[in-house]
Amino acid sequence: ESYKRIQEVDGKVEAFLTLDEERAREKAKQLDNEIGKKDTYGLLFGMPIGIKDNIVTKDLRTTCASKILENFDPIYDATVMRKLKEAEAITIGKLNMDEFAMGSSTETSAFKKTKNPWNLEAVPGGSSGGSAAAVSAGEVPFALGSDTGGSIRQPAAFCGVVGLKPTYGRVSRFGLVAFASSLDQIGPITRTVEDNAYLLQVISGLDPMDSTSANVEVPDYISALTGDIKGLKIAVPKEYLGEGVSRESRESVLAALKVLEGLGAEWEEVSLPHSKYGIATYYLLASSEASANLARFDGVRYGYRSDNAETLIDMYKQTRAEGFGNEVKRRIMLGTFALSSGYYDAYYKKAQQVRTLIKKDFEDVFEKYDVIIGPTTPTPAFKIGEKIDDPLTMYANDILTINVNLAGVPAISVPCGFANGLPLGLQIIGKHFDESTVYRVAHAYE
Ligand code: GLN
């Protein structure tokens, strides 16, 4: 069914980079034969899933939407892939994204521009634009994305689907091609909150292959979906409804708060005073980490190697000049500059200090409240081409999602009305490792 739908619509939506049809059909046949013949079935038995192309899949092309990995076929599976196989899900293919997950529109992909299924002239968001568009267009019911500064939640909001960034450490990053290691998390994109909880259940947990994965018990997320939010305390940051946030986004959040009030929750306005430093802090730290992580793409170890060089140093230079796109080069240069001696204290160290203050803002609010609620994005999806030549405007779009990554807390985006025929997202942010409450509120609202 997934392949039928992909045939019908992917020519227009262009969400997939690679399909794994033969193996998927074989797997489906095998699972079909097992029906009625065994006592226990995987939690995602027979469920089709699409995978963002920065998650490594054994013997299945993994490009990060970059020319530098155009022909890269990994020899191992990411931990999340191993867990999906154990849960008996069926991998349908790999999904388009911004190159190395750097972007907010999927326009920096070296291969194709994914369209928003609600309006083919609008971007699907990014960087997990392929994942959100594929779920929104009905090509797959489940997808994995990754979120460093909003890359799951923002495309989920733009495409009218559900996307969760788990707590940092909740899901193993082993086999996720690193962008900014202290911020990256893999997470689920689905049509409903319940499906989302099932997928997180499968991929969560401590992994000896990732030293930053957390030794925290994984609760039963499904049982959190009670529909009961009586007495729940909601904080609404005034910074998330103020300047720079469109009237439509603000009004849709206020309408959602009414619904939640009707269900017995209470809300109050609070302040996250350091929010306004989020963009500067994030782009500095993320670029610094990226410049170190992307040093490995040198034409020797992986993928593309330039043919035009005569010396070793030339080979490095040419390979990187030809293999990386403009946005990736911009980040590498910014990061290298911020980390260079003489500038380190003024930029990188300062940004780390501000990150601590941002994290503290969240901790203070969570002393009194169960969740924080606001819009996922300041506006609905913008037009393809509208912001791609203006990095600062593109970066500004991340203002409401970025601080969550800096603080390491979990957050979901659920559909919350429309503006100009395009979906809007409601963002529900929780305490560290409290995805259960986030799901409970999202499910009650949905
Ligand atoms: N838009 C942000 C960036 O370009 C976030 C990307 C992400 O979360 N991977 O860095």
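The values are calculated or read from the model by the stated rules, or taken from the named source; none is laboratory data. It should be emphasised that the depicted structure is a prediction, and the values quoted were computed from it without experimental measurement. Glycine also receives a Cβ, built like all others from the backbone with ideal geometry; neighbour counts cover every protein chain displayed. Side chains are part of the model used for accessible areas, which takes the heavy atoms of the whole protein and leaves out ligands, DNA and RNA. Shrake-Rupley method; radii C 1.70, N 1.55, O 1.52, S 1.80 Å.
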**OP:** Output yes when any residue across segment 245-268 is within 16 Å of the ligand (Cβ to nearest atom) and within 29 Å of Asn196 (Cα to Cα), and no when none is.
**Re:** no
Original post:
Counting only residues that are farther than 18 Å from Thr319 by Cβ and of a type in the set (A, V, I, L, M), which one in segment 274-291 is nearest to the ligand (Cβ to nearest atom)?
Top reply: Ala286
Original post:
Taking segment 422-445, which residues are part of a loop (DSSP other than H, G, I, E, B) and not hydrophobic (A, V, I, L, M, F, W, C)?
Top reply: Gly430, Lys431, His432, Asp434
Original post:
Looking at this structure, is Glu268 open to solvent by 20 Å² or more (accessible area, probe 1.4 Å) and in contact with a Leu (Cβ under 8 Å, 6 or more places away or on another chain)?
Top reply: no
Original post:
Out of curiosity, is Ala28 open to solvent by less than 20 Å² (accessible area, probe 1.4 Å) and out of contact with any Cys (no Cβ under 8 Å at 6 or more places or on another chain)?
Top reply: no
**OP:** Could you please find all residues in segment 173-188 being within 22 Å of Lys58 (Cα to Cα), touching a Phe, Trp or Tyr at 6+ places or on another chain (Cβ under 9 Å), open to solvent by less than 10 Å² (accessible area, probe 1.4 Å) and within 13 Å of the ligand (Cβ to nearest atom)?
**Re:** Phe179, Asp184, Gln185
Subject >> Pairs where the first residue, in segment 422-446, is β-branched (Val, Ile, Thr) and the second is at pLDDT 95 or above and in a helix (DSSP H, G or I), C-beta under 7 Å, 6+ apart >> reply: Ile428/Val438; Ile428/Val441; Ile428/Ala442; Ile429/Val404
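Taking segment 409-440, which residues are of a type in the set (A, V, I, L, M) and surrounded by 24 or more Cβ atoms within 10 Å (Cβ to Cβ)?
Val409, Ala411, Ile412, Val414, Leu424, Leu426, Ile428, Ile429, Val438 - these are the residues of segment 409-440 that are of a type in the set (A, V, I, L, M) and surrounded by 24 or more Cβ atoms within 10 Å (Cβ to Cβ).
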Original post:
Among the residues of segment 141-154, which ones are in contact with a Phe, Trp or Tyr (Cβ under 9 Å, 6 or more places away or on another chain) and away from the ligand (no atom under 15 Å from the Cβ)?
Top reply: Phe142
Original post:
Has segment 201-221 got any residue that is open to solvent by 60 Å² or more (accessible area, probe 1.4 Å), of a type in the set (A, V, I, L, M) and not in a helix (DSSP H, G or I)?
Top reply: yes
**OP:** Of all residues in segment 123-148, count the ones that are in contact with a Leu (Cβ under 6 Å, 6 or more places away or on another chain) and surrounded by fewer than 24 Cβ atoms within 10 Å (Cβ to Cβ).
**Re:** 0
Original post:
Based on what the data block shows, is Ala110 touching a helix residue (DSSP H, G or I) at 6+ places or on another chain (Cβ under 7 Å), open to solvent by 40 Å² or more (accessible area, probe 1.4 Å) and within 16 Å of the ligand (Cβ to nearest atom)?
Top reply: yes
Original post:
Does Ala157 fit the bill of being in contact with a Cys (Cβ under 9 Å, 6 or more places away or on another chain), within 16 Å of the ligand (Cβ to nearest atom) and at pLDDT 95 or above?
Top reply: yes
Subject >> Qualifying positions in segment 154-172 - surrounded by 24 or more Cβ atoms within 10 Å (Cβ to Cβ) and out of contact with any helix residue (DSSP H, G or I) (no Cβ under 8 Å at 6 or more places or on another chain) >> reply: Gln154, Ala157
**OP:** Identify all residues within segment 222-260 that are open to solvent by 70 Å² or more (accessible area, probe 1.4 Å), touching a residue at least 40 places away in the same chain (Cβ under 8 Å), of a type outside the set (Ser, Thr, Tyr) and assigned to a loop (DSSP other than H, G, I, E, B); write none if there are none.
**Re:** Asp228
**OP:** Looking only at segment 78-105, count how many residues are farther than 22 Å from Ala295 by Cα, in contact (Cβ under 8 Å) with a residue 60 or more places away in the chain and part of a loop (DSSP other than H, G, I, E, B).
**Re:** 5
Subject >> Given (1) open to solvent by 20 Å² or more (accessible area, probe 1.4 Å); (2) within 16 Å of the ligand (Cβ to nearest atom); (3) modelled with pLDDT of 95 or more, index of the condition Tyr445 fails >> reply: (2)
**OP:** For segment 28-61, name all the residues that are basic (Lys, Arg) and touching a Ser or Thr at 6+ places or on another chain (Cβ under 8 Å).
**Re:** Lys52, Arg61
